[in-house]
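The values are calculated or read from the model by the stated rules, or taken from the named source; none is laboratory data. Not measured: the values here are computed from a predicted model. Using ideal geometry, Cβ is built from the backbone for each residue, glycine included, and neighbour counts are taken over all protein chains shown.
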Amino acid sequence: MLPTWPIVFFVPRLAAVRRKKILGYAILGQIQSTEFHEKWILNRTGHEEELIDAAEISTLCDYGQAYDRIKEMKPFPADRGALIGLALSVVIPALPTVLAEIPLIVILKQLLGALK
């Protein structure tokens, strides 16, 4: 697992880029959807057979996939599982040392007291 903490520096920039790209792609999607609707829904009479081979359908599908990828982009490139793995990799090796100095019952009482 690669260390992710230095990447935290880039989180604000990644979040801003994500917001900007979502807005840009949403505008593009609106334009494409409106043009598709005007051409193939409002003015379809006599052009039904051409719809199957229309390039606009493929374009809308490709656009949808690109938009989904941008929406799925996370500003912080580590998910919950990676952070839990990092925490466990720090805590588990230190556990024997902590238990040698502080009895387990004392640790459990303090943890339960903190949760109340």
Tell me the residue from VAL91, VAL98 that is surrounded by 11 or more Cβ atoms within 10 Å (Cβ to Cβ), assigned to a helix (DSSP H, G or I) and of a type in the set (A, V, I, L, M, F, W, C), please.
VAL98
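Listed here are the residues, each with its yes/no results for (1) under 30 Å from ILE107 (Cβ atoms); (2) without any contact (Cβ under 8 Å) to a residue 40 or more places away in the chain; (3) among the small types (Gly, Ala, Ser); (4) not assigned by TED's automatic domain parsing to the domain that holds ILE107.
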site: GLU48; (1), (2), (3), (4): no, yes, no, yes
site: GLY64; (1), (2), (3), (4): no, yes, yes, yes
site: ARG69; (1), (2), (3), (4): no, yes, no, yes
site: ALA87; (1), (2), (3), (4): yes, yes, yes, no
Matching residues, the stretch 32-61, being exposed (fewer than 11 other Cβ atoms within 10 Å of the Cβ) and closer than 29 Å to ALA16 by Cβ:
THR34, CYS61
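It is to be established whether one or more residues within the stretch 19-27 are closer than 20 Å to ALA78 by Cα and in a helix (DSSP H, G or I). Don't jump to the end; show me each part of the working.
Initially, the stretch 19-27 is screened for residues closer than 20 Å to ALA78 by Cα, giving 19.
Right, trim to in a helix (DSSP H, G or I) and you get 19.
Scanning the stretch 19-27 turns up at least one residue that is closer than 20 Å to ALA78 by Cα and in a helix (DSSP H, G or I).
Among the candidates PRO75, PRO103, single out the residue that is within 30 Å of PRO12 (Cβ to Cβ) and surrounded by 10 or more Cβ atoms within 10 Å (Cβ to Cβ). Before the answer, list the steps.
On the way: PRO103 fails: within 30 Å of PRO12 (Cβ to Cβ).
It is PRO75.
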